[in-house]
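Quick note: the coordinates plus some simple rules give every number you see, no bench work behind them. Quick caveat, the model's predicted, so the values are computed rather than measured. When we count neighbours, we look across all protein chains shown, and the Cβ atoms used for this are built from the backbone with ideal geometry, even at glycine.
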Amino acid sequence: MDNITYSHEHIVIDLSKEKHNDDCKLNIYEDALDELKDLYQKGVRRIVDCSNHGIGVNRDINHLVEEATGIKIINSTGFYKDPFLPEWFKNASLDDLVQIMLEDIDKYECKVIGEIGTSNNEWTENEKKLFKAATIVQKKTNTVIITRTTLGSLAFDQVRYLKSENINLKKVVISHAALSKDLNMIREVLKEGANVAFDTIGKLSYLDDDTRACYIKELIDEGYKDQLLMSMDITRKSHLKKNGGVGYSYLLDEFIPLLISKGIKKEDIEDIMCHNFENILGA
């Protein structure tokens, strides 16, 4: 395969303060440039950086990674979720948040608002304000919205809210939905027209990869192939190969062969990995 997109990653991310764990502070330029160079040799041409304000986004480093690896880094704007929002967020007006995102889109050519999230079975007031601001910006710019569910909770609620705000759901990607272990809920999200990312591949403490592969096979068989994405969502130093983790190439080296063993056609995998995100950008 060539022209592959990893649709949910983080070039720089820092969740260490809130999680009280330095493992949650990752800088790909310093920590894993060789892994990304390997990805380029294996056909990866785009990585969507889902980091944003409050969790360490650094577009200068994104540019350095592009230059060093040849992989296009797609920039994002927005804010993450409680408790990882900037201290000033609570008192910021809706207009303040909208203006910050619009300026990012103009200055850094951000194609994505995301990842914007909800808490575990809870949608906080801060998160409601964030989603509202994101809908305003999306309708002005036609950018992609990538949401973050916590263990898959509130995935359908996110879709229902975005639909109520007249967002084109073809421009929406729901992340981590599979961690709910609720395939029927994922189907409902897809039926509404939104896209679903299987983006914690290799994180077996959340969900085993055999189950992920079976979910993907069922959804392809049911006609949802064009609404699926895949990525690793590496966020910790311990996820990297040099530190004993599975590394970025696990998706290509291990998970895709697992999909093939389940009877998924190579051309369907190529569509998911190489074409679907481009089509979402163009929707």
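Each row is one residue, and each column tells you yes or no for (1) small (Gly, Ala, Ser); (2) within 24 Å of Ile13 (Cα to Cα); (3) outside any loop (DSSP other than H, G, I, E, B).
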residue: Ile136; (1), (2), (3): no, no, yes
residue: Ala178; (1), (2), (3): yes, yes, yes
residue: Leu204; (1), (2), (3): no, yes, no
residue: Asp210; (1), (2), (3): no, no, yes
residue: Leu219; (1), (2), (3): no, no, yes
Handout entry: Count of residues meeting criterion [loosely packed, with under 15 Cβ neighbours inside 10 Å and over 20 Å from Asn120 (Cα atoms)] in the stretch 193-209
Key = 1
Exercise for the section: Report, by residue number, each residue of the stretch 220-235 that is in contact with a Phe, Trp or Tyr (Cβ under 8 Å, 6 or more places away or on another chain) and either surrounded by fewer than 23 Cβ atoms within 10 Å (Cβ to Cβ) or of a type in the set (A, V, I, L, M, F, W, C) (or both). Expected result: Leu228, Leu229, Met230, Met232, Ile234
Problem - Scan of the stretch 221-232 for residues that are free of Cβ contacts under 8 Å to residues at least 24 places away in the same chain and part of a helix (DSSP H, G or I), ordered by number - result: Asp221
Practice task
Collect the residues in the stretch 62-86 that are within 18 Å of Lys111 (Cβ to Cβ) and either in contact with a helix residue (DSSP H, G or I) (Cβ under 7 Å, 6 or more places away or on another chain) or in a helix (DSSP H, G or I) (or both), keeping them in residue-number order.
Solution key: Asn62, His63, Val65, Glu66, Ile71, Lys72, Ile73, Asn75, Thr77, Gly78, Phe79
